[in-house]
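Down below is the structure, laid out as structure tokens.
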Amino acid sequence: MNMKLPRPADLSDRAQGLMLGAAVGDALGWPQEQRSGILGGQKSRSIPPSMAFRSWARWGGPQYSKYEDKVAAGSYSDDTQLILATARACLHGDEWLAWLRDVELPAWPLYQRGGGKAVLAACRAWKQGTPPWQGPQSRARSYFSAGANGVAMRIAPHALATIDDESPSNLIGRVLNDGILTHGHMRALLGAVVYGLAVRHTLIRRGAMEYGDLLHSLLGEKVWADPEAVIRHLPQDWVERYEVTSGQSVATDWRRTAGEMGKLFEICLTSLERSALSDDEKTLEMLGCFDPKQNGAGTVTTAGACYLASRFAVRPSMGLLRAAFLRDSDSDTLASMTSGLLGALHGFDWLSPLSRDVQDAEYIQSMAHRLISSPMQVRGSQVMVEDPNAWLARLDSGQPVSSFVDGREVSSMRRSKLFERNALTVIRYDIAIRDGQTLVIDVPFKREKGRQEELNIPADSRGVAKAGRDESGPSSSFTRIAIPVANLEATRRFYGDILGLAIQWSERAVYLNPWLALVEKSELSTSSPVAPMQITVHSSSPADILRSVSSRGVRVMSPGPQDIEGALRVLDPDGHEVLVWPKQ
């Protein structure tokens with residue numbers, strides 16, 4: 001039987017302090033983070049520490065589609081996005097893991113800001129219904145090499161959801177099962193377990209925190225160092241694949257990583273013994289917080305956060321500033337985890353005015369309250385309402401959307417052209433969810449180089465002709481026809497490179513014109529197969545197209561009985577007939 005612990009009288013304030021502190025630290029430290037992509041580089045990063053948010057700009061997008069991403073003051077990054085995704089999952093009670101795996105993680109790449117490669121790769125795998133540790137050996141090796149702090153930074157909600165448990169065993173199991181959804185390296189998992197225990201210890205503590213108390217407590221509570229206490233929580237297929245891929249047992253690697261964690265804590269305690277003479281920068285350097293090869297590791301960031309929270313337990317604002325403006329570091333995550341611990345200790349009053357100005361402040365507070373509500377406020381279980389690719393394709397086409405892919409109601413949406421240069425255009429959607437969260441979704445489009453035509457995808461349906469419609473009747477309009485295709489890249493090459501059409505495309509759709517989109521089939525789609533269609537295009541030089549298709553091995557069909565001279569019929573990659581008609 002799992003006994004219940006008595007709650008601290010100020011738990012509500014401290015829960016809000018944990019969640020708001022994490023968000024504030026993330027937003028304050030993000031511009032200075034070494035991989036933030038801030039415009040202006042190191043000169044823009046290096047500013048005096050201040051308890052004030054700033055607006056800034058960064059390079060967003062993949063390598064060959066970079067654009068200027070304008071970041072409003074107080075905006076949070078992937079750290080807080082994933083904390084909130086985890087919190088929403090926790091509201092589903094015993095179904096939390098399925099909700100996080102099947103809904104939150106597949107949806108997150110749509111609105112992610114600053115997300116890490118390991119988490120993005122894992123989200124793609126889960127969207128396809130495949131665990132990231134399964135599949136080709138190369139993918140498994142990449143997954144089991146992911147030891148970054150992407151787990152530790154998001155697991156604070158589990159400490160709130162298990163706050164009444166007398167034993168930390170359930171918390172450890174939840175953190176591990178959450179963690180392996182995206183990361184497979186022991187440094188990521190052990191760092192997250194230790195940080196979860198640090199949050200728990202801070203939340204349930206009564207009275208002032210003595211200098212070094214948190215670190216002594218963690219070293220004394222060696223359940224995190226016991227491989228047997230860990231392995232029993234892990235799925236057997238995960239353990240087997242880990243040992244095949246790494247050539248080591250989980251127990252051996254966990255024990256070795258726990259030894260590393262213990263040494264990091266000893267460095268922290270040695271420094272704290274010097275009290276006011278402690279050299280913070282020297283200590284953080286010894287922990288590895290300035291080494292780009294290891295400062296993003298789960299163990300290193302956890303040790304750094306625990307050190308700073310202990311060092312500045314009576315001066316929490318100084319701890320936040322030290323972490324958020326630490327040069328050459330993973331400052332947003334370090335500040336988020338440090339400030340989260342300090343908020344769990346002191347509540348959220350010390351965060352003012354940042355706690356009011358951070359993005360979605362009221363929503364974050366409400367999530368903290370719901371996580372500690374008793375009984376847990378569980379939403380009804382449901383599957384993802386819409387496949388993320390299909391949802392974004394509808395958004396791209398200008399169709400109105402009433403809900404997000406996870407079923408949450410959209411209260412408002414604003415569309416704007418964020419960036420345009422050469423062949424790249426980026427459309428930004430600022431979306432407000434009814435529950436209080438705001439999402440920023442950037443959709444890049446590339447236009448074929450050397451072509452002057454531009455496809456203006458409609459922002460709404462107001463440009464559709466209204467002739468023949470009763471103005472007093474229901475307001476409906478035609479917006480788009482979407483044809484599913486097997487391979488979007490092959491389709492793009494066919495229509496753009498071979499036929500030479502002035503197409504426009506994103507990662508999820510190829511537009512032949514504003515109203516006709518070719519959308520990649522979703523593996524989750526239940527729609528019936530599409531019968532072959534005929535698509536007609538006009539060309540001023542069908543002979544050039546004939547030479548192009550002949551050199552690429554494209555199948556040319558026999559002419560139709562009504563075809564005029566110069567007309568051409570070919571098959572696209574999905575078997576649809578394309579009629580190339582000479583311009584008269």
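Read-outs: derived from the displayed coordinates by stated rules, not from any lab. Keep in mind that what you see is a predicted model, and the values were worked out from it rather than measured. For neighbour counting, all protein chains shown are included, and Cβ atoms are generated from backbone atoms with ideal geometry for every residue, glycine included.
Brief remarks on what is shown
- Gyration tensor (alpha-carbon) shape descriptor, the stretch 189-305, a/c threshold 1.5: oblate
- Packing, as the average of other Cβ atoms within 10 Å across residues, places the peptides 425-434, 34-43 in the order 425-434, 34-43, highest first.
- About its Cα centre, the chain has a charge dipole of approximately 940 debye under the convention of +1 per Lys or Arg Cβ and -1 per Asp or Glu Cβ, with nothing else charged.
- Ranking of PHE290, PHE494 by neighbouring Cβ atoms within 10 Å, starting from the fewest: PHE290, PHE494.
- Global geometry of the stretch 532-584, whether rounded, prolate or oblate, following the gyration tensor of its Cα atoms and the 1.5 cut on a/c: oblate
- Contact order relative to length of the stretch 532-584, as percent, for alpha carbon pairs under 8 angstrom and 6 or more apart: 49 percent
- Candidate lysines for bridging to LYS70, where Cα separation is under 23 Å - those fewer than 8 sequence places away on the same chain excluded: LYS43, LYS117, LYS417, LYS446
- Stretchable slack from THR270 to THR438, in nm (0.36 nm times residue separation minus alpha-carbon distance): 56.1 nm
- Spacing of the two label points (7 Å from each Cα toward its C-beta) at SER249 and ARG315, in nm: 4.8 nm
- Of the trypsin sites (Lys or Arg not before Pro) found in the stretch 236-333, those that fall in a DSSP loop while having at most 16 other beta-carbon atoms within 10 Å are ARG274, LYS293, ARG327.
- Relative exposure of ILE231, ILE441, judged by other C-beta atoms within 10 Å (fewest first): ILE231, ILE441
- Angle in degrees between helix 250-272 and the longest Cα principal axis of the chain, rounded to the nearest 10: 60 degrees
- 222 nm mean residue ellipticity, helices alone, for the chain (DSSP H n ≥ 4; -39,500 (n - 2.57); rounded to 500): -11500 deg cm²/dmol
- Burial ranking of peptide ranges 122-132, 155-165 (average Cβ count within 10 Å, highest at the top): 155-165, 122-132
- TRP581-ALA73 FRET efficiency (beta carbon distance; Förster radius 45 Å; 0.05 resolution): 0.25
- Cut-off 12 Å between beta-carbons: net charge of the residues surrounding GLY135, Lys and Arg +1, Asp and Glu -1: +4
- Cross-link reach is defined here as a Cα-Cα straight distance under 17 Å, omitting same-chain residues fewer than 8 places apart; for LYS127 the aspartates and glutamates meeting it are ASP102, GLU104, ASP178, GLU386, ASP387, ASP406, GLU507, GLU520, GLU523.
- Anisotropy class of the stretch 1-147 from Cα gyration tensor, a/c 1.5 cut: oblate
- Length-normalised contact order for the chain - Cα pairs under 8 Å, 6+ apart - percent: 16 percent
- Counting 0.36 nm for each residue step from ASP164 to SER46 and taking away their Cα separation leaves a gain of 38.2 nm.
- A simple spin-label model places pseudo-atoms 7 Å from Cα toward Cβ; at ARG206 and SER540 they are separated by 8.5 nm.
- Label-point separation in nm, ASP357 to LYS117, each point 7 Å along Cα→Cβ: 3.5 nm
- Total formal charge among the other residues, if their Cβ is under 14 angstrom from that of THR252, Lys/Arg +1 and Asp/Glu -1: -3
- Highest to lowest packing among 108-120, 551-563, scored as the average C-beta count within 10 Å: 108-120, 551-563
- As a proxy for reagent exposure, ranking TRP224, TRP59 by other Cβ atoms within 10 Å from fewest up yields TRP59, TRP224.
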